[in-house]
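Have a look at the structure below, then the notes.
The values are calculated or read from the model by the stated rules, or taken from the named source; none is laboratory data. All figures in this text were calculated on a predicted structure; none of them were measured in a lab. Cβ placement follows ideal geometry from the backbone for every residue including glycine, while neighbour counts extend to all protein chains displayed. Side chains included, ligands, DNA and RNA excluded: accessible areas come from the protein's heavy atoms. Shrake-Rupley method; radii C 1.70, N 1.55, O 1.52, S 1.80 Å.
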Amino acid sequence: MIRVLVVDDDFMVARIHVGFVEKVDGFEVVGVAHSGAETVEAVEALRPDLLLLDLYLPDRFGLDLLAEVRRGPHPCDAIVITAAKESESVRAAVRLGVADYLLKPFGFPDLEERLRRYAGQRSLLARAEVTGQEDVDRVFLRVGGTAPPLPKGLSPETARLVEDALGAATAPVSATEVAETVGMSRVSARRYLEHFAQVGRADVRLRYGSTGRPERQYRWVG
């Protein structure tokens, strides 16, 4: 489970965010803080993995607070959740290496998408094995969110449809199942799926039936 500390000065907003997080599998809220001072104490006591961090706190600016937490004994990750649209705030958040930046107001699907993406990045880093530059490049491409270029003959629009179908699946799926969902041929779906597998954005496993060749199944991890 990924342990989350919700940080927001508004008690009602914090309660809503807690409810959102608890609806996402693999995450649990371990505490709520309404100020910078409370956050520092909660991080020390609860040791969360992730902060859902508002920037406008009564005693601290959220990014200054994050920098302090990062210098401490438990430098947890952060997803910024704020109404701050200033370019400097966004740039400062990027420099601090925040996992994501979500503007208020937002709905549950917006936060769910970012939490699942964070979980995927965390899982990737935990199991990454580096034996050369190719492995390093693969990790940075996936964690940084930069999609590798598509091979000739594959379109970004269709790639997005296949990605959405694969990401929405609750269990590994075959090229045939993706093709039926998207409305394309199995051969075309297989090309996109194999591309995602090659660049490390999908995992592949073989499912053995009673007869015939094993079927390749894909699971989105990117």
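The table below gives the values:
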read-out: Pairs with Cβ under 7 Å, 6+ apart, first in the stretch 148-175 and of a type in the set (S, T, N, Q), second open to solvent by less than 40 Å² (accessible area, probe 1.4 Å) and modelled with pLDDT of 90 or more; value: Thr158/Tyr192; Ser174/Gln217
read-out: Of residues in the stretch 14-26 being of a type in the set (A, V, I, L, M) and open to solvent by less than 40 Å² (accessible area, probe 1.4 Å), the one modelled with the lowest pLDDT; value: Val24
read-out: Subset of the stretch 27-69 [touching a Leu at 6+ places or on another chain (Cβ under 7 Å) and open to solvent by 30 Å² or more (accessible area, probe 1.4 Å)]; value: Val30, Leu46, Phe61
read-out: Val18 being assigned to a helix (DSSP H, G or I) and farther than 20 Å from Asp64 by Cβ; value: yes
read-out: Residue match in the stretch 37-48 (condition: of a type outside the set (Phe, Trp, Tyr), at pLDDT 95 or above and in contact with a Phe, Trp or Tyr (Cβ under 7 Å, 6 or more places away or on another chain)); value: no
read-out: Positions within the stretch 164-204 being in a helix (DSSP H, G or I) and of a type in the set (S, T, N, Q), in sequence order; value: Thr176, Thr181, Ser188, Gln198
read-out: All positions within the stretch 88-116 that are part of a loop (DSSP other than H, G, I, E, B), open to solvent by 30 Å² or more (accessible area, probe 1.4 Å) and more than 22 Å from Asp164 (Cβ to Cβ); value: Leu96, Gly97, Lys104, Pro105
